[in-house]
Amino acid sequence: MRALTWHGKHDVRVDTVDDPEIVNPRDAIIKITSTAICGSDLHLYDGYIPTMQKGDILGHEFMGEVVEVGSGSTLKKGQRVVVPFTISCGSCFHCSKHQYSACDNGNPADNQDIAMELYGQPMSALFGYSHMTGGYAGGQAEYVRVPFSDVGPIVIPDGVDDDKVLFLSDILPTGWMAAENADIEPGDTVAVWGCGPVGLFAVQSAFLMGAERVIAIDHFPRRLELARKFGAETINFKESSTYEALMEMTGGIGPDAVIDAVGMEAHGLFVDNVVDQIKASTFLGTDRTHSIRQAIVACRKGGRVSMPAVYGGIVDKFPLGAFMQKGLTLKTGQTHVQHYLPGLLAAVLDDKVDTTFLISHRLPLEQAPEGYKMFHDRQNEVTKIVLKPGMAPQ
Amino acid sequence: MTGWQDSNGRDSAPPSTTKNDDVVASEIDRLDGSSGDTLIGRTVTINRPPAELYAYWRDFPKLATFMENVVSVEQIDAVRSHWVVKAPGGKTVEWDSVVTEENEGSSIAWSSAPDAEVRNSGKVEFREAPGGRGSYVTATIVYDPPGGAVGKLIAKIFQREPAIQARRDLRRFKQLMETGEIATSAWTRKQVEEENA
Ligand SMILES: NC(=O)c1ccc[n+]([C@@H]2O[C@H](COP(=O)([O-])OP(=O)(O)OC[C@H]3O[C@@H](n4cnc5c(N)ncnc54)[C@H](O)[C@@H]3O)[C@@H](O)[C@H]2O)c1
Ligand SMILES: [Zn+2]
Ligand SMILES: [Zn+2]
């Protein structure tokens, strides 16, 4: 099959590789119909994520048609499914608590040591995202092997367009969980840092959860415009001081809840890393925490901090004093995608959440390397690229 | 045995984590009645009842399913089994192992036969975990290879430090018991064969 493979910094290629097969009983093989490039993929593209290997197949936002099933799968050939980016077993302690992204068992035993050194416990597995999180082949390909297919994938009714449901795989549940983690109360003012896909879905979700005002922060005019489309007020941090503007807009109180949807993606200062240095806290990077620092300082006393944004290591200059003195709470984590799928699929089918607005470009899989470059170089207008295997050249 | 309090009389930490050599030495004596060198202990929580885990483990030939280095285990009689373990250069080492003590549903202790090339003994315990979380499974293994220089020789035979190997084997046991399969990122059967070679 054809697949987008990683070869190094700014070097991704569409190669011919072996077709996936059923390896374990609970597996299914999916023929990909749509697969998106994520902001997180740009990190791999920029070479900032350790434990990548040449030839790794990328992609963690994908959907398609079931073409083969193992004896333990509950899926049927011909079904259309969206697959969560987190690989979760459904039967460990964490899965039983619906903390799917903390699953004990998705990550192969030999890979678990890396995260244990870094974080104290092994991390769960993700598709197409380095060997620390499992080394699984991703879905920017014609086919993909999906482990635990009886737990993860959600079946999509016929007649519903791919574009409408594809983002159930990651960014929609991530934006939703970000808003949920902000414990929004009616009348709240919620501030969202970052108007990428995650921030924009957090804006929509916050309104659905009863926020009275949502203030979205970014510097790309096109992205701020999208936030306004959903009713948010906006701050362009290139034009105004974010803190000053927030204080003025909230009468000096500060937002009741703040959401950091920027993270290390923002300035890309994720330190170039090698595995054998992991132990020595080499993920140090100070600029990257800019957005979470600002969010904590701006948040009202007794307010809530939600952090969907991804961080990898040890940070400097974390405003621990402000955090304590103001009595804030913080919730974060990789998204427990499986937990949110049924509810969010219903919300999409009922048109309560708009998903297709985000897609700015559609390309055939063969043009994926061009897509990566566009997404990397032109963030203002390239908000989301969907790759379709077999689509005519653009 | 439940808890660790009575094994060293000082605190609740297991002997394999102690920095005190005397504790290690006495624990080794307790395990195999002779002097040993490397004590490896490891506990994992498995979301299944102790009796079920015990039953799987006691069926020794099945251990090769999740113990990466083990090629095969053959049951000779009720207490004796024959082990074939991978060694470098496509070779294998073999030994007989004898069950020295067992408590139905909760623990199994074993020791290699006196003439074994790689002398080892150990114990695996299955205790009910609090909060309905299944079982704490603790494997304690002592290696006592001939001629000293323990770490290196063992590492050479097993191609990996035994502590790391034990940890990974226990994780695979957990995966198998909780999910019915062992996680792998391989996406073709050929890749799986290569991994297992
Ligand atoms: N928790 C999860 O499971 C999960 C899942 C998916 C993505 N993520 C993370 O969420 C974050 C956002 O993802 P995305 O795909 O929307 O990324 P993105 O890169 O498309 O969007 C980030 C946005 O933040 C803006 N930004 C940069 N610096 C800023 C600042 N100082 N203040 C305000 N805005 C700023 C950028 O201009 C950009 O528009 C990333 O960290 C990503 O890794 C987390
Ligand atoms: Zn993503
Ligand atoms: Zn699990």
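Data overview
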item	result
Scan of segment A:54-71 for residues that are within 16 Å of ligand 2 (Cβ to nearest atom) and part of a loop (DSSP other than H, G, I, E, B), ordered by number	A:58, A:59, A:60
Close pairs (8 angstrom Cβ cut-off, 6 or more residues apart or separate chains): among the aromatic types (Phe, Trp, Tyr) in segment A:210-221, within 14 Å of ligand 1 (Cβ to nearest atom) anywhere	A:220/A:195; A:220/A:379; A:220/A:380
Extreme residue, surrounded by the fewest Cβ atoms within 10 Å (Cβ to Cβ), among residues of segment B:48-96 that are among the polar types (S, T, N, Q) and farther than 22 Å from residue B:164 by Cα	B:75
Failed criterion for residue A:329 (all others in (1) crowded, with 16+ Cβ neighbours inside 10 Å; (2) closer than 15 Å to residue A:190 by Cβ hold)	(1)
Lone qualifier among A:117, A:68, A:61 - being farther than 21 Å from residue A:263 by Cα and either more than 14 Å from chain B (Cβ to nearest Cβ) or at pLDDT 95 or above (or both)	A:68
Residue list for segment A:95-113, restricted to those being within 12 Å of another protein chain (Cβ to nearest Cβ), surrounded by 19 or more Cβ atoms within 10 Å (Cβ to Cβ) and of a type outside the set (D, E, K, R)	A:95, A:103, A:105, A:106, A:107, A:108, A:109, A:111, A:112
Residues of segment B:165-195 satisfying the condition of being more than 7 Å from chain A (Cβ to nearest Cβ) and free of Cβ contacts under 8 Å to residues at least 12 places away in the same chain	B:190, B:191, B:193, B:194, B:195
Residues satisfying the stated conditions in segment A:167-182, i.e. more than 10 Å from ligand 2 (Cβ to nearest atom) and either within 9 Å of the chain's Cα centre (by Cα) or within 14 Å of another protein chain (Cβ to nearest Cβ) (or both)	A:172, A:173, A:175
So residue A:82, is it more than 16 Å from ligand 1 (Cβ to nearest atom), away from every other protein chain (no Cβ under 13 Å) and part of a strand (DSSP E or B)	no
Residue within segment A:16-32 that is surrounded by fewer than 23 Cβ atoms within 10 Å (Cβ to Cβ), touching a helix residue (DSSP H, G or I) at 6+ places or on another chain (Cβ under 7 Å) and closer than 20 Å to residue A:361 by Cα present	no
Only one of A:51, A:74 that is polar (S, T, N, Q), touching a residue at least 60 places away in the same chain (Cβ under 8 Å), away from chain B (no Cβ under 13 Å) and part of a loop (DSSP other than H, G, I, E, B)	A:74
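The values are calculated or read from the model by the stated rules, or taken from the named source; none is laboratory data. Bear in mind the structure is a predicted one, so any value in this text is a computation, not a measurement. All Cβ positions, glycine included, derive from the backbone under ideal geometry; neighbour counts span all protein chains shown.
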